[in-house]
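In what follows, a structure is listed as structure tokens, so that the remarks can point back to it.
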Amino acid sequence: MDDKNWEECKEAIKSARYFLLAPVFFILIASHLSRAIRWKILMAPLGYRPRLINVFFAVMVGYLANLSIPRLGEVLKCTILGKYEKVPPDKLVGTILIERAVDVISLLLVFVISIATQANIIGAYAKRTIKAQFFSGDTSSMVLKLSLIMIAIVATYFLLKFIFNRYSNIIFIKKVNILFKGVGAGLASIKNLENKTAFILHSIFIWICYAAGTYLGFYVIEETSHLPIAAAFPVLAFASIGMIITPGGIGTYQLFIMEVMILYGIDKGHGYANGILQWVAQFSIILVVGFISLIALPYFNRKPAHLTINPN
């Protein structure tokens, strides 16, 4: 951005309607709570019913850890429930994989909604950005890469199968085999959900909260307050890509919001300012609630957690 854009950006941040970030805070907290409930639903078929407060704390501490090292939070929140609720972490890994798969599908649906409703505005940009971030290179090189990946996956599967069968008496192999079986049990939990409707509704609610928080964030700055509600979907979709590319979306989240807003006639300065404020709102929630959760975990677990386990 040039000097003029930077001045506009700084001025917009100074004059922002910060009181509107309060409802954004509660909307995003609701999404995190819904995510905790959804994860709890996934654990039920495994015979584990941890307390919701511990599941929520684990989710928030996981988000906090992801700000520093990507995907560390996924491991950490499984470890936390393993410690405080005696749920085997290896089985939780399978449920995490299911959650991530559902999130990918949900993000793709947001992209579909964005392109279907705003194709004339973001169509070309969506094609260019997605290709640059995920499908760079010519067609032949992409086919070669995908082919090599598939071959590697198949070869690894048969190699591991041979090793587990041939050296099943080795202690280390036994432990790895138990880990894989636990992950498999976690993945299988999706087939035996007690309340599939609740799982689907929570998945929808989580992304509705994301979209609502994004739309409400438009009003924080005067220059972006006129954007239509339909604009929240492409902004959310591309901002989510920013979250994937860098830890916590640092830098890329703001950049993608700015670039999408440019398509709606917003100048770089105000677009970037809005991206900064929306990112700060999310970052602050994770930082504050994440640290509170980390501190509160030992306090809320001074007594042994009540846990119902299905022996089958």
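What nm value, rounded to one decimal, do you get for the distance between Ala198 and Lys4 when each label is placed 7 Å out toward the C-beta?
A separation of 5.7 nm, rounded to one decimal place.
Is the C-alpha gyration tensor of region 38-112 telling us rounded, prolate or oblate? Criteria: a/c under 1.5 is rounded; beyond that, a/b larger than b/c is prolate, otherwise oblate. Write down the numbers at each step before the final one.
Values: a/c = 2.04, a/b = 1.33, b/c = 1.54.
Oblate shape, in that a/c is at least 1.5 and b/c is the bigger or equal ratio.
Based on the mean of other beta carbon atoms within 10 Å per residue, what is the order of 224-231, 92-99, most packed first?
On the way: 224-231: 16.2, 92-99: 21.4.
Packing order, densest peptide first, comes out as 92-99, 224-231.
What full-extension length gain, to one decimal in nm, is calculated for Phe291 and Leu109 as 0.36 nm per residue of separation minus the Cα-Cα distance?
Values: separation 182, 0.36 × 182 = 65.52 nm, distance 3.23 nm.
Separation in residues times 0.36 nm, less the Cα-Cα distance, equals 62.3 nm.
What is the distance, in nm, between label points placed 7 Å from the Cα along the Cα-to-Cβ direction at Lys86 and at Thr246?
That separation, rounded to one decimal, is 4.5 nm.
In whole Hz and in residue order, list the ³J(HN,Hα) couplings for region 27-40 that follow from phi through the Karplus curve 6.51 cos²θ - 1.76 cosθ + 1.60, θ = phi - 60°; x for Gly and Pro.
Along region 27-40, the couplings run 5, 6, 4, 4, 5, 5, 5, 4, 5, 5, 5, 4, 5, 4 Hz.
Bear in mind these aren't lab numbers, they're just calculated from the coordinates by the rules spelled out. The model shown is predicted, which means the values in this text are computed figures rather than measured ones. Glycine gets a Cβ as well: all are built from the backbone with ideal geometry, and neighbour counts include every protein chain shown.
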